[in-house]
């Protein structure tokens, strides 16, 4: 166990090319872009399938299908087809985040209590009001858990970007391996793992903030808290 | 594509064989290891949250980092398949022990209480009542672990041992699509087949599940 690379102050210099700050920034950039594009594609589709109940076959099976697609293979296929660059990496990572978000959006919508939706309709809410004021807020806990697992996966997997010449924390792994510098590899592994944990914590806070207290049980007296 | 297959079927078959071995051995070991660990998370409630957290952290370590780093810890050669097997076993355990704990925790207390009232001791109650009831949840976790292991093996190709992943790196280096496409197709088919086998096993060992609707979906 050699932590010298990790604790070398020179590698933490903000302006150092290939230093931790720049690699982390690039890494988070890929993660954020993939999550953004993935959410824009998967969330409306998942909500629509869950809301209408049409095409649930897609939502249920996309999870497993997505997991079984080897990201490295997809990445190398895209690079071979499109050439080196950011686009093939983003395509591969987006394909990775779509299934968990799609499946959880669907599962969240399906898990709703129908009486609540009926009550909302009975109170005269318009379909889009039912969707955005009742169904989506209530589906949020499940949806966020899917989003968090997508984020965890993509943080760990974005390291493969370095295998096709891009930046990100995978550089430490690939370059460290190429020159047998295990201290560098270890540093990369630790920083990615810490980054993943921090991101998950951050998303847990976001979830706490956006999920209605009435749903998470925080608004109820202790004795009546759900045991689930 | 057919041309490539007929010229290189030995390479492809060897890669496929290695892929199956590297993906499934960790599943078997991981499953056996996770059952007691997951049980501990139920038996001792204080152990549950640390277990979930540790599993989460283990699962967030990038596979590439683990593949490269294990030889340093284990003292194995960098090109030893054992590294991949150990790394994937760690992921399997991280995923499954949590599922086992969740599955056992989700057993209706009324069921365990009735079993106790009927005279079941703790060990027999666990093996004869709680485990079978939790089996659908555990097997759902096993499906996830199996499918993701099969797709993770290929990352090992970046360090020289990755079953079908070797077809990816080969195609990438030669700028040649055929091996990459064949590798992806075989990997997805393998995952689908393994998933199907687990579903069939689940059907066989939980015959009661077919008579009730609305059970948990994977």
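The values are calculated or read from the model by the stated rules, or taken from the named source; none is laboratory data. No experiment lies behind these values; they were computed from the predicted model shown. Every residue, glycine as well, gets a Cβ built from its backbone with ideal geometry; the counts of neighbours run over all protein chains shown.
Condition first: surrounded by fewer than 20 Cβ atoms within 10 Å (Cβ to Cβ) and at the interface with chain B (Cβ under 7 Å from one of its Cβ atoms). Now tell me which residues in region A:171-182 satisfy that.
Within region A:171-182, A:182 is the sole residue that qualifies.
Can you tell me which residue within region A:122-143, out of those that are assigned to a helix (DSSP H, G or I) and out of contact with any helix residue (DSSP H, G or I) (no Cβ under 8 Å at 6 or more places or on another chain), is nearest to residue A:32 (Cα to Cα)?
Residues of region A:122-143 assigned to a helix (DSSP H, G or I): A:122, A:127-143.
Narrowing the set further to residues that are out of contact with any helix residue (DSSP H, G or I) (no Cβ under 8 Å at 6 or more places or on another chain) leaves A:122, A:127-128, A:132.
Values: A:122: 40, A:127: 31, A:128: 28, A:132: 24 Å.
Checking each candidate, the answer is A:132.
Those residues that are at the interface with chain B (Cβ under 7 Å from one of its Cβ atoms) and crowded, with 18+ Cβ neighbours inside 10 Å, I need them from region A:183-197; list them, please.
Of everything in region A:183-197, those that are at the interface with chain B (Cβ under 7 Å from one of its Cβ atoms) and crowded, with 18+ Cβ neighbours inside 10 Å turn out to be A:185, A:186, A:188, A:189, A:192, A:193, A:196.
Got a sec? Which of A:90, A:69, A:77, A:131 is in contact (Cβ under 8 Å) with a residue 60 or more places away in the chain and within 30 Å of residue B:178 (Cα to Cα)?
Testing whether each residue is in contact (Cβ under 8 Å) with a residue 60 or more places away in the chain and within 30 Å of residue B:178 (Cα to Cα) leaves just A:90.
Give me the residue from region B:128-168 that is without any contact (Cβ under 8 Å) to a residue 24 or more places away in the chain and surrounded by fewer than 22 Cβ atoms within 10 Å (Cβ to Cβ) and, out of that set, nearest to the other protein chains (Cβ to nearest Cβ).
Out of the qualifying residues, it is B:129.
Write out, first by first residue and then by second, each pair whose Cβ atoms fall under 7 Å of each other, whose residues are 6+ apart or on separate chains, and whose first residue, in region A:150-170, is facing another protein chain (nearest Cβ under 7 Å) while the second is in a loop (DSSP other than H, G, I, E, B) and at pLDDT 90 or above.
A:159/A:168; A:159/A:169
Does residue B:92 satisfy the condition of being assigned to a helix (DSSP H, G or I), in contact (Cβ under 8 Å) with a residue 60 or more places away in the chain and away from chain A (no Cβ under 13 Å)?
Spelling it out, residue B:92 is indeed assigned to a helix (DSSP H, G or I), in contact (Cβ under 8 Å) with a residue 60 or more places away in the chain and away from chain A (no Cβ under 13 Å).
Assigned to a helix (DSSP H, G or I) and at pLDDT 95 or above: does that describe residue B:30?
Yes; evaluated as a whole, the condition is true for this residue.
Residues A:107, A:119: which one is crowded, with 18+ Cβ neighbours inside 10 Å and part of a helix (DSSP H, G or I)? Give the steps one after another, and end with the answer.
On the way: A:119 fails: crowded, with 18+ Cβ neighbours inside 10 Å.
Selected residue: A:107, the only one of A:107, A:119 that is crowded, with 18+ Cβ neighbours inside 10 Å and part of a helix (DSSP H, G or I).
Please specify each residue of region B:43-66 satisfying the condition of being within 19 Å of residue B:125 (Cβ to Cβ) and buried (at least 21 other Cβ atoms within 10 Å of the Cβ).
Selection gives nothing.
Between A:46, A:66, A:50, which is part of a helix (DSSP H, G or I), closer than 25 Å to residue B:171 by Cβ and more than 8 Å from chain B (Cβ to nearest Cβ)?
Criteria check complete, one pass: A:66.
Residues in region B:44-57: is at least one within 21 Å of the chain's Cα centre (by Cα), closer than 24 Å to residue B:194 by Cβ and without any contact (Cβ under 8 Å) to a residue 40 or more places away in the chain?
No; the residues of region B:44-57 include none that is within 21 Å of the chain's Cα centre (by Cα), closer than 24 Å to residue B:194 by Cβ and without any contact (Cβ under 8 Å) to a residue 40 or more places away in the chain.
When you scan region A:10-26, how many residues do you find that are within 17 Å of residue A:176 (Cα to Cα), under 21 Å from the mean Cα position of the chain (by Cα) and crowded, with 19+ Cβ neighbours inside 10 Å?
Number satisfying all stated conditions: 1.
Here are some conditions: (1) under 20 Å from the mean Cα position of the chain (by Cα); (2) under 24 Å from residue A:84 (Cα atoms). Residue B:176 meets all but one. Which one does it not meet?
Single failed check for residue B:176: (1).
If you go through region B:51-61 one residue at a time, do you hit one that is away from every other protein chain (no Cβ under 14 Å) and at pLDDT 90 or above?
If we filter region B:51-61 for residues that are away from every other protein chain (no Cβ under 14 Å), which is where we start, we get B:51.
Next cut, at pLDDT 90 or above only: B:51.
Scanning region B:51-61, I find at least one residue that is away from every other protein chain (no Cβ under 14 Å) and at pLDDT 90 or above, so the answer is yes.
Going through B:25, B:16, B:40 one at a time, which residue ends up being farther than 21 Å from residue B:151 by Cα, at pLDDT 90 or above and assigned to a helix (DSSP H, G or I)?
Exactly one residue qualifies, and that residue is B:40.
Kindly establish whether residue B:42 is over 17 Å from residue A:156 (Cα atoms) and in contact with a helix residue (DSSP H, G or I) (Cβ under 6 Å, 6 or more places away or on another chain).
Here the answer is yes, as residue B:42 does meet what is asked.
Quick test for you: out of A:76, A:125, pick the one residue that is more than 14 Å from chain B (Cβ to nearest Cβ) and on the phi < 0 side of the Ramachandran plot. Reasoning before the result, please.
Details: A:76 fails: more than 14 Å from chain B (Cβ to nearest Cβ).
Exactly one residue qualifies, and that residue is A:125.
Can you find even one residue in region A:28-40 that is in a loop (DSSP other than H, G, I, E, B) and buried (at least 20 other Cβ atoms within 10 Å of the Cβ)?
Scanning region A:28-40 turns up no residue that is in a loop (DSSP other than H, G, I, E, B) and buried (at least 20 other Cβ atoms within 10 Å of the Cβ).
What do you reckon, is residue B:199 more than 30 Å from residue A:158 (Cα to Cα) and within 14 Å of chain A (Cβ to nearest Cβ)? Steps first, answer last, please.
Details: more than 30 Å from residue A:158 (Cα to Cα): yes; within 14 Å of chain A (Cβ to nearest Cβ): yes.
Judged against the criteria, residue B:199 is a match.
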